[in-house]
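The values are calculated or read from the model by the stated rules, or taken from the named source; none is laboratory data. Note that the structure is predicted; figures quoted are calculated from it, not measured. Cβ coordinates were reconstructed from backbone atoms using ideal geometry, including for glycine residues, and neighbour counts include every protein chain displayed.
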Amino acid sequence: MSETPVDSSKRTWIITSACAGAVGGVAAAVPFVSTFQPSEKAKAAGAAVEVDISALQPGQKITVEWRGKPVWIVKRTKEQLDELASLDAQLADPDSQRKPAELTPAYARNTWRSIKPEILVAVGICSHLGCSPTDKFVAGAQPSLPSDWKGGFLCPCHGSTFDMAGRVFKNKPAPDNLEVPPHIYLSETKLLIGEDKA
């Protein structure tokens, strides 16, 4: 039984056609598969954000975005934590009882407004007109701050001040404490912002 010789030019055309078909199939599949990814709109609507806080040192803050809002993660020093309980008489809502369901999850209704005392997770938007407060972590007299300032945040727009737990001081334009978003620890060094159920 003799074999029929294969025309090399036909073989080249067959291989070329098969490769072109494969490339075309991949090109058609990529947009289809990408439709399974969450859109930017879906992410902005509330997709949870995972954050690695392993490099965060005492006295430092990092900012991430969740639902289009800046979320601060602050690692407070021992001195900053020690000052919190002494400020209650100066605060408008020291126990976070105003709008508790909206602004402070049950697990953060404590002096630190946090799950772990040293880590504050708060939305960095003033409750007055939506400005973003600035860090004023250094204690002592400073422009626009009282002489006995213990550290916290200052909203430069209208002068609202917040302590290191995001609690607003009395007689300021901001009506409420800073919002604590839903969050959960996935490990000692990883936070998930936007969800609080395991």
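A few notes on this one:
- Here is the figure for segment 155-194: residues that are surrounded by 20 or more Cβ atoms within 10 Å (Cβ to Cβ) and among the hydrophobic types (A, V, I, L, M, F, W, C) total 10.
- Of the helices (runs of 4 or more DSSP H) lying entirely inside segment 1-96, the ones with 1 or more residues being modelled with pLDDT of 90 or more and surrounded by 10 or more Cβ atoms within 10 Å (Cβ to Cβ) are found at 78-84.
- Residue match in segment 103-123 (condition: small (Gly, Ala, Ser), at pLDDT 90 or above and farther than 22 Å from Ala55 by Cβ): yes
- Any hit, segment 123-136, residues being touching a residue at least 24 places away in the same chain (Cβ under 8 Å), surrounded by fewer than 15 Cβ atoms within 10 Å (Cβ to Cβ) and hydrophobic (A, V, I, L, M, F, W, C): yes
- Among the strands (runs of 3 or more DSSP E) confined to segment 100-181, there are none with at least 1 residues that are within 25 Å of Gly68 (Cβ to Cβ), in contact with a Cys (Cβ under 6 Å, 6 or more places away or on another chain) and hydrophobic (A, V, I, L, M, F, W, C).
Listed here are the residues, each with its yes/no results for (1) touching a strand residue (DSSP E or B) at 6+ places or on another chain (Cβ under 9 Å); (2) within 13 Å of Phe153 (Cβ to Cβ); (3) aliphatic (A, V, I, L, M).
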{"residue": "Ile73", "(1), (2), (3)": "yes, no, yes"}
{"residue": "Glu79", "(1), (2), (3)": "no, no, no"}
{"residue": "Arg98", "(1), (2), (3)": "no, no, no"}
{"residue": "Glu118", "(1), (2), (3)": "yes, no, no"}
{"residue": "Ala122", "(1), (2), (3)": "yes, yes, yes"}
{"residue": "Thr134", "(1), (2), (3)": "yes, yes, no"}
